[in-house]
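Take a look at the structure set out below.
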Amino acid sequence: MELRLTSDEVIKLKEREDIYSALKRAGIYLVASCGGKGTCGKCKVKIVEGECDVISYGKLTQKERESNIILACQSIPKSDVLVEILKESRLVVGDKIAIARTKDLVEYLKSYGVDINPAVKRIYIELPPPTISDNISDLERLKRTLNEKGLRNMRFSHGFVSTMAEILRSSNWNVELTYLNGEGVSGEAIFLTDPESCNRRHGIAVDIGTTTVVVYLANLSTGEIVDIGSTYNSQMRYGDDVITRIVYATEGGGLNELRDAVVTDINTIVNSLMERHSIEACEIDTATIAGNTTMSHIFWGLNPGSIREEPYIPTLNHFPQWKGGTAKLSINPQSPVYTVPCVASYVGGDIAAGVLASKMHRNPEIALFMDIGTNGEIAIGNNEWLMTAACSMGPCFEGSGVRCGMRATSGAVESVKIDPETYEPAINVIGGGHPMGICGSGMIDSISEMFLTGVIDQKGKFVKGKTDRIRQGEEGLEFVLYRDEAHNKDIVLTEVDVENIIRAKAALYAGIKTLLSEVGFTMDAIEKVYIAGGFGNYINVERAIILGMLPDIPKERFVFMGNTSITGAYLCLLSEELRREAEDIASKMTYIELSVYRSFMDEYMSALFLPHTDMSQFPTVASRLK
């Protein structure tokens, strides 16, 4: 049997193979937040011709079913079929993502009081060629010259020695040695290069996010950012969140697939940057990786299974400095790859890098650091102490688990304003044009607006009869944000959607409250709030406070930091001192496992209202409702 697409691709089907698996095998990927288990309802396709054995319709509406729309992961063709992939269902992970360079990172690096001082060094060496009378081996000849320069007790790997003889002779015994500083006078030789052909020094800083991958190409001599590349993390093909990917890696035997996916993403970016600037692999001296604990484990090919099983212990938090060849990166295989240390199973190197980038660990003021995503990671503290925790918010703000939810890409409703008299919504769509769904910032706006205008009550329930935009849907009541009769696809928020979003914001707020209570502080003690992550860039603070997601403190205390993970990785790449500082941050953090705290559950239950059961915690919201 054959699976034919309206875009003319033809795929031979295996026996009892579902459409989702067949498309994935052919390199055509659909949005599938659940990893193809039929629970997210995102992998929609339309059957134009042929018949399928549909196991489940999942969250599809009756309208969609009547239009021959099915879930690809739940549909097994019974004959040759012709399928149309809906625009919102196709996952394109190779797209570049715009990354704003908001500050001069060289000046920001120097603001720490350190100079540009990468851990990897280079030194020019002129060796006397061997003769009959001076007939020691190549390695002994190199050691002798290094000893004369004060570099004693250097370590030499097999990989270094295996290429040494050829490089020494082809460069006429005048070479540059790239090496790692060691304790005292010792160190490790990394590789030799011909100064005529490989005389520039570069490094790459990489942020492996659950959703995106970002690479900075930096000049190790000047600290300048030469170029930036980014893309969506191709692991999204196997599920939106880390838990789904851990299950796929362990139960599905897909660890190598997940690793290959993200390594390919990084290499695609690195190769394009190197080609654009005519940089050779021998001119990439080192790499620094920052990511959450699961992403770091998968990148190195380590089984992440124990991360999701009580007592939630990762294989390691502090990673050895392995080599580019081990990482399968398209840089010099001997180049060291440094991984920013993790703190615990759900607080990774991205948070250690983020705290480093915020400088909260250097200041006496009590600060709150938040990286808001599928897993909301938070840290509280100052230059004397740091506490951290992770709250499972779920992927609703990334679009999963919400009827019309989607990521913050073209076609997503990103902001909403509801007229308090007519209840008519005014929406803004990313990229303009026809809306295809609603992203996280749009969800926050919508719910806060619906609450202020009385469309929903404090429990998140719709007030019947308020407006004809509240209607009965297949999952219960829903509010129509955008009517689309032409495409037969209205953009709505259902009561179930609102409940999911309230649960997510409640988990984050409860985590903050629990951490503060552990050290005997109240919300008023927070003097600065650093919001990190791509999603954080789009949050309207006022609306998020009305939702009960952020603490009700003066808006001037909030600082949007953008991608602090890549900033922290850059700082570690360019400064040996800041690398040690990141390690100190990770070691200094006290991790709280919220799931075992009864107080967390109490705080969580109290936060399952808009904005909270205790309105005294949200005085500015209470004053607006009077």
>> Can you find, within region 543-568, the residue that is farthest from residue 111 (Cα to Cα) among those that are surrounded by fewer than 19 Cβ atoms within 10 Å (Cβ to Cβ) and touching a Lys or Arg at 6+ places or on another chain (Cβ under 7 Å)?
In response: 557
> When region 297-325 is examined, which residues are found to be over 22 Å from residue 344 (Cα atoms) and either touching a Gly at 6+ places or on another chain (Cβ under 9 Å) or at pLDDT below 95 (or both)?
Replying inline: 323, 325
>> I'm trying to understand the selection: among the residues of region 488-506, which are modelled with pLDDT of 95 or more and of a type in the set (Gly, Ala, Ser)?
In response: 506
>> Can you tell me which of (1) in contact (Cβ under 8 Å) with a residue 12 or more places away in the chain; (2) assigned to a helix (DSSP H, G or I) is the one residue 549 doesn't meet?
In response: (2)
>> Let me spell it out: the conditions are (1) at pLDDT 95 or above; (2) of a type in the set (A, V, I, L, M, F, W, C); (3) in a strand (DSSP E or B), and residue 142 meets all of them except one. Which number is the exception?
In response: (3)
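One line per residue, one yes/no per condition, for (1) in contact with a strand residue (DSSP E or B) (Cβ under 9 Å, 6 or more places away or on another chain); (2) modelled with pLDDT under 95; (3) more than 26 Å from residue 211 (Cβ to Cβ); (4) surrounded by fewer than 18 Cβ atoms within 10 Å (Cβ to Cβ):
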{"position": "400", "(1), (2), (3), (4)": "no, yes, no, no"}
{"position": "415", "(1), (2), (3), (4)": "yes, yes, no, no"}
{"position": "433", "(1), (2), (3), (4)": "no, yes, no, yes"}
{"position": "439", "(1), (2), (3), (4)": "yes, yes, no, no"}
{"position": "457", "(1), (2), (3), (4)": "no, no, yes, yes"}
{"position": "461", "(1), (2), (3), (4)": "yes, no, yes, yes"}
{"position": "464", "(1), (2), (3), (4)": "yes, yes, yes, yes"}
{"position": "472", "(1), (2), (3), (4)": "yes, yes, yes, yes"}
> Hey, among the residues in region 217-237 that are over 15 Å from the mean Cα position of the chain (by Cα) and either assigned to a strand (DSSP E or B) or at pLDDT below 90 (or both), which one's surrounded by the most Cβ atoms within 10 Å (Cβ to Cβ)?
Replying inline: 218
>> Return the residues of region 404-435 that are more than 23 Å from the chain's Cα centre (by Cα) and not in a strand (DSSP E or B); say none if nothing qualifies.
In response: 419, 420, 421, 422, 423, 424, 432, 433, 434, 435
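For every residue, the table says whether it meets (1) in the same structural domain as residue 268 (by TED's automatic domain parsing); (2) basic (Lys, Arg); (3) without any contact (Cβ under 8 Å) to a residue 60 or more places away in the chain.
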position: 108; (1), (2), (3): no, no, no
position: 112; (1), (2), (3): no, no, no
position: 131; (1), (2), (3): no, no, yes
position: 149; (1), (2), (3): no, yes, yes
position: 159; (1), (2), (3): no, no, no
position: 162; (1), (2), (3): no, no, yes
position: 165; (1), (2), (3): no, no, yes
position: 173; (1), (2), (3): no, no, yes
position: 210; (1), (2), (3): yes, no, no
>> All but one of (1) in a helix (DSSP H, G or I); (2) at pLDDT 95 or above hold for residue 624; state the number of the condition that does not hold.
In response: (2)
> Looking at (1) buried (at least 23 other Cβ atoms within 10 Å of the Cβ); (2) in contact (Cβ under 8 Å) with a residue 60 or more places away in the chain; (3) not charged (D, E, K, R); (4) not in a loop (DSSP other than H, G, I, E, B), can you tell me which one residue 337 breaks?
Replying inline: (2)
> Looking at region 183-192, is at least one residue assigned to a loop (DSSP other than H, G, I, E, B), touching a residue at least 60 places away in the same chain (Cβ under 8 Å) and among the β-branched types (Val, Ile, Thr)?
Replying inline: no
>> What's the total number of residues in region 350-372 that are part of a strand (DSSP E or B) and of a type outside the set (A, V, I, L, M, F, W, C)?
In response: 1
> Restricting attention to region 441-454, which residues are assigned to a loop (DSSP other than H, G, I, E, B) and either under 34 Å from the mean Cα position of the chain (by Cα) or buried (at least 24 other Cβ atoms within 10 Å of the Cβ) (or both)?
Replying inline: none
> Under the condition of being buried (at least 18 other Cβ atoms within 10 Å of the Cβ) and outside any loop (DSSP other than H, G, I, E, B), which residue from region 146-158 is farthest from the chain's Cα centre (by Cα)?
Replying inline: 146
> Any idea which of (1) within 22 Å of residue 290 (Cβ to Cβ); (2) touching a Ser or Thr at 6+ places or on another chain (Cβ under 9 Å) is the one residue 152 doesn't satisfy?
Replying inline: (1)
> Inside region 45-102, can you point out the residues that are touching an Asp or Glu at 6+ places or on another chain (Cβ under 8 Å), closer than 23 Å to residue 11 by Cα, of a type in the set (Lys, Arg) and modelled with pLDDT under 90?
Replying inline: none
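The values are calculated or read from the model by the stated rules, or taken from the named source; none is laboratory data. None of these values were measured; they are calculated from a predicted model. Don't worry about glycine lacking a Cβ; one is built from the backbone with ideal geometry, like all the others, and counts go over all protein chains shown.
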